[in-house]
1. Can you work out the FRET efficiency for the pair residue 35 and residue 58, with r the C-beta to C-beta distance and R0 = 35 Å, to the nearest 0.05?
2. Along Cα→Cβ, 7 Å out, is where each label goes; now give me the distance between the ones at residue 72 and residue 104 in nm to one decimal.
3. Would you mind calculating the gained length between residue 111 and residue 87 on full extension (0.36 nm times residue separation, minus the Cα-Cα distance), in nm to one decimal?
4. Once R0 is set to 22 Å, what does the formula 1/(1 + (r/R0)^6) return for the Cβ-Cβ distance between residue 96 and residue 118, expressed as a FRET efficiency to the nearest 0.05?
5. Shape of region 60-125 from its Cα gyration tensor (a ≥ b ≥ c, root eigenvalues): rounded if a/c is under 1.5, otherwise prolate when a/b > b/c, or oblate?
């Protein structure tokens, strides 16, 4: 009789999950997703800097480190543009892929978009 090790089921579940993730990634542009994520993080950094630090104009003789910090955390406006352009491209691309497969519907699309917005607002509460 073979003994069942406790992690064997975990490994089986992990391999199934990994196959699903790889299948999803086949249709994703991971580098663009990463750029979109970095854009979102830069926006968050700018908001956090505005909340915790004084404005750059109020600094008296800022040093190189301070100038670099305010420059890097001041890219929020540009990051918003990059985020929305990439989001539109990625969402539009997923719609095109679904339409080519013949499984796209308005109801499914709207449900996914509303569900994402609800999760965002739920996290903010």
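Nothing in this text is a laboratory measurement; each read-out follows from the coordinates by a stated rule. Everything numeric here is computed off the predicted structure, so don't read it as measured data. Because the Cβ atoms are built from the backbone with ideal geometry, glycine has one as well, and the counts that use them run over all protein chains shown.
1. My answer for the efficiency is 0.60.
2. Rounded to a tenth, the inter-label distance reads 4.0 nm.
3. Details: separation 24, 0.36 × 24 = 8.64 nm, distance 1.70 nm.
In short, 6.9 nm is gained.
4. After rounding to 0.05, the efficiency reads 0.35.
5. Judged from the Cα gyration tensor, region 60-125 comes out oblate (a/c at least 1.5, b/c at or above a/b).
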